[in-house]
Structures are given as C-alpha cells and as structure tokens.
Ligand code: NAD
C-alpha cells in the first residue's frame, strides 16, 4: 500500500520556505482549519525554516481514527517484518544524516556536531528496536502442576499518543516511536512547535522504508490545541510525554481517571561533584560540555557543580577561563561551540534566573548578559554564565533554568556533595570526578538519580541502557533499552493444561 504514497512530504515553496502538512493515514494534509505557523531559525529570525499545519482537535480525531484502524493490521504483522522496516528506515537516515542534521540546527540552534549526534541517536535507537523484532523475550517457567505449560508474552497496547519536546527533536521521538512500533502499536505524534521539521524527516524515512499507511501519524500544533486532545482521547491507550514537570503533571492528571498508561520524562537539575583528588582538567572539560552543550538546554545538563573547597579556586579559575573562550553563534558555522536559546521566551527565562541569582547573593563569575549585537543581532543568544559561591538552597541551585547557566557550590566533603546533590526535587543524572574508587562507589550508591557517571559529565547516555529519572523527573518508567518495551506493552501470562482433567493451582499440588 505504501508504494502508492508519495515518498516524501510535499515541499511546496512559499517564498523560500517549504510548507508541511500533517501526516495522517499515509497522506500529507493541511490542518482542517487551514491555519499554519512559521518555524524560524533561533540563530537568525530572518531564516524561515518552514511553514507547518497549526492543527486542532479535529485533526487529532482523524489521526487517532487512522491509527486505530491501522492497529488492526499492524499488530498482525510478524515482529521481525516490522523490524525489517525499521532497519530500512535506519539505513535511509544514515544516508540522509547530514541533511537532517542541518535541518535540525536551523530549526533549534544547537551546533552541527550535536545535531549529528541527535540524528545518530535516532539511528542507533531505530537499529536497536529493529533488533527487538526478533527478541521481545518473554518467560517460560515450570508449572507447579503436571502436564501444564506456561509462558508470558508481550502484547501491544493500541494507539500510542507521543508528545515530545524541542531539545532532542529526532532522538526523543525515536525513543518513543520505535519501541511502540516494534511491539505492534500504532502512533500519533505531536512534535514541539519549535521543531516539527525533524519529526517530518523521521517520518519521511519511515515512509520511504515502507511503513504502511496509518501506522505512524503526525499532527503539528500547540500543546493545548493538539497535545491535550491527544492525551485525552478515549482511543489513545498510552501517552508517552517528554517535557517540563509542569506540563507532565497535567498529562498525568489527564490520564489518571481513565487509568490510561502514562509515561513521563521531565525536568532535571543535575550535578557534577568534583572531589579534591579529581583530575581538574578532566573535570573542567566535563563541566564545560555538561553545562553549555546544547546551550544548557538538555534535561541532563550539568547545571550544578559541587566543588571541594580544597580545589575550588583552581577549578573555578580554569572553568571561567574555558567558558569565556567559548564561541557563541550560528550552529551551522564550523567554529561555533554554543548556539542560541531556542526562542525568546527561553532566553527571557535565562535572564530572569540571572536576576534571581544576583539578588540571592550568588557571585557572577562570567557571562550574565544577552548577546544582541553584530552577528548575534537576529538570534536569541545569551552568554554562557557561571555563578560562584552558591548555596545549595538558592533558587539558581534548585530550579531548572534550561539555559547556559551553571551554579558552582563549594562543599567540604563527599558526604556534603552527596547531600547537596540529592537536595533537589529532580533525580535525573549525577556525576563524580575522583581518582578514589571508594568515593566513586559511595556516590554511585547514594545518589538517588536514574543515571550516574564516574569521571564523565552528566550527559552522554547510550541507547541500550535505561534512560530516565527519579522524583519529579519521572513516574517510574524508563526510556530506551529493553526497559522501553515495558512502557509500550502489556504482559499476558498464558497457561496450557494438557493433562486432560481439572487441575487447581495452589490446591492440587500434593501427591
Ligand atoms: P514543555 O513541557 O513546554 O513541552 C513539551 C511538549 O508538551 C510540547 O510538545 C508541548 O507542545 C506539549 N504541551 C505543552 N502544554 C501541553 C498541554 N497542556 N497538554 C499537552 N501537551 C502540552 O517542554 P519543552 O519546553 O518542550 O522542553 C523542555 C523540558 O523538557 C525541560 O523541562 C526538560 O528538562 C524536559 N526534558 C526532559 C527529558 C527527559 O528525558 N527527562 C528530555 C528532554 C527534555
């Protein structure tokens, strides 16, 4: 069926910008209302990346109906065959990696090396989940009764509603989409309004790989106009959301009355702990990459650094020097190391927190200002910013800023660093720099986070280990790896009695 469909999203030209519709039942279609919104480059507002469908509940309705219909067929396709489509999609993405990476840098600003990493993560996840077509292991166990066989198998949930953020615009949709698909679910995805093009690119790869119509659908538009009707839809069996804790709570409350499966990946306030025996250059490298990679707009960003007082000054001097030398600009340029904030509102949040930090008495070590002249005039740039002498309880050290701002907290011991580390409402990622294996293992055990690193920053997750966090970062599920299969499937335990007579478990177990 897919052979009759157009192979790529139609790219009608409106001036310089391509127009992209919703993807519903294998067709690229405009929003029912005919409304559109613009997607502009945050490094250069004059650069119109594309025009997208500004959709509403009626578009969601059509997409869910298509996904529901397709589910009847897709769940019956043998999982290894589903896997073959994913393998082909991954191959297509390998071929188009550079194009997709450039599109992503244009639409959300992070530097090309990082958007290549984002596309690669999507490729890795797609290969990984394609392999699950031949695994999806269940259990066989001995029965307590004679002549009885038993096993457990996974079954798909149905239609999966996926709501995704803008900071990993291909990787995160793939973390949700590929496990959902390999298990036999069908999908309606709502990308963040800042980054719909990367999801269009992912869908184009799946379409070209031969994914049947209706199996994946995409509806672009705002959170309340599209996300809310999607998560509330009676025929959406599982909602998988990545975004802020504030919106995650709304999603959770919407799903609760219907006992709908709900998977949440939310905010973070991650910490690097630098001990007095750490290799300081290594720790500084980690703090710069962890704090300012993706302009600090990663859920795993190292927005706090706890440094032992014995090495505090030396660490801070080197950290400030390295940060001052970062080149900020358009991520498409080879020499740029940090891009813009994703939009004006995100930059305003950064500025608000800079003001809060100053008023709380944190010491501004470098940065602290928007960059708005010369090459930076048309973008949402902000200087990489470090605050020193922070206390663990300051708002700048407690709340997620989601921008290029790092708070450095002096500590007197490993125990204090751990206490500071665990003192926030989030529990995503933490790391320690030390040469002492005892300290490393102690911190590894004591930090109540979903991810932990030794002698590496708080970022750098790989696709084949569980990804997610504790406390207000998540709701007990994990993305990626085999753990993601649990989100998008239900277990069925099956008992086959071939004794020919009634056998009662727990009762007929004697001689
Ligand atoms: P956001 O919560 O503003 O938006 C996330 C998605 O939810 C978007 O698609 C948005 O349109 C949609 N949405 C907004 N309001 C909605 C509503 N009322 N109903 C339904 N959907 C709605 O988050 P963001 O600004 O896109 O992303 C930044 C946040 O994401 C940060 O807090 C970051 O820590 C978090 N994040 C977490 C992870 C993780 O794995 N833990 C990964 C990346 C980002």
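The values are calculated or read from the model by the stated rules, or taken from the named source; none is laboratory data. All values derive from a computational prediction rather than experimental measurement. Quick reminder, even Gly has a Cβ in these numbers, built from the backbone with ideal geometry, and neighbours come from all protein chains shown.
The table below gives the values:
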quantity: Meets criteria (over 24 Å from residue 256 (Cα atoms) and modelled with pLDDT of 95 or more) for residue 232; calculated: no
quantity: Qualifying position, being buried (at least 18 other Cβ atoms within 10 Å of the Cβ) and within 17 Å of residue 182 (Cβ to Cβ), among 70, 76, 63; calculated: 70
quantity: Whichever residue in the range 269-287 is more than 16 Å from the ligand (Cβ to nearest atom) and either surrounded by 24 or more Cβ atoms within 10 Å (Cβ to Cβ) or not assigned by TED's automatic domain parsing to the domain that holds residue 366 (or both) and, among such residues, is farthest from residue 339 (Cα to Cα); calculated: 278
quantity: Residue among 421, 460 that is over 24 Å from residue 262 (Cα atoms) and not assigned by TED's automatic domain parsing to the domain that holds residue 389; calculated: 460
quantity: Residue check for residue 292: within 20 Å of the chain's Cα centre (by Cα) and over 29 Å from residue 180 (Cα atoms); calculated: yes
quantity: Test: residue in the range 189-202 that is under 20 Å from residue 486 (Cα atoms), more than 9 Å from the ligand (Cβ to nearest atom) and in contact (Cβ under 8 Å) with a residue 24 or more places away in the chain; calculated: yes
quantity: Answer from 295, 300 - the residue that is at positive phi, within 16 Å of the ligand (Cβ to nearest atom) and assigned by TED's automatic domain parsing to the domain that holds residue 436; calculated: 295
quantity: Yes/no for residue 222 being more than 16 Å from residue 185 (Cβ to Cβ), within 10 Å of the ligand (Cβ to nearest atom) and crowded, with 17+ Cβ neighbours inside 10 Å; calculated: no
quantity: Residue match in the range 327-346 (condition: more than 14 Å from the ligand (Cβ to nearest atom) and part of a strand (DSSP E or B)); calculated: yes
quantity: Only listed residue being away from the ligand (no atom under 14 Å from the Cβ), surrounded by fewer than 24 Cβ atoms within 10 Å (Cβ to Cβ) and on the phi > 0 side of the Ramachandran plot, chosen from 210, 237; calculated: 210
quantity: Elements of type strands (runs of 3 or more DSSP E) in the range 110-207, at least 3 residues being at pLDDT below 95; calculated: none
quantity: When residues of the range 419-448 are limited to those that are in contact with a helix residue (DSSP H, G or I) (Cβ under 8 Å, 6 or more places away or on another chain) and assigned to a loop (DSSP other than H, G, I, E, B), the one surrounded by the fewest Cβ atoms within 10 Å (Cβ to Cβ); calculated: 425
quantity: Leading residue by the ranking (surrounded by the fewest Cβ atoms within 10 Å (Cβ to Cβ)) among those in the range 244-268 that are under 21 Å from residue 395 (Cβ atoms) and within 9 Å of the ligand (Cβ to nearest atom); calculated: 246
quantity: Out of 296, 290, 248, 286, sole residue that is under 27 Å from residue 54 (Cα atoms) and touching a strand residue (DSSP E or B) at 6+ places or on another chain (Cβ under 7 Å); calculated: 248
quantity: Considering residues of the range 452-485 that are closer than 18 Å to residue 434 by Cβ and either assigned to a loop (DSSP other than H, G, I, E, B) or within 14 Å of the chain's Cα centre (by Cα) (or both) only, the residue nearest to the ligand (Cβ to nearest atom); calculated: 458
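Each row is one residue, and each column tells you yes or no for (1) touching a strand residue (DSSP E or B) at 6+ places or on another chain (Cβ under 6 Å); (2) assigned by TED's automatic domain parsing to the domain that holds residue 238.
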site: 438; (1), (2): no, no
site: 447; (1), (2): yes, no
site: 485; (1), (2): no, yes
site: 501; (1), (2): no, no
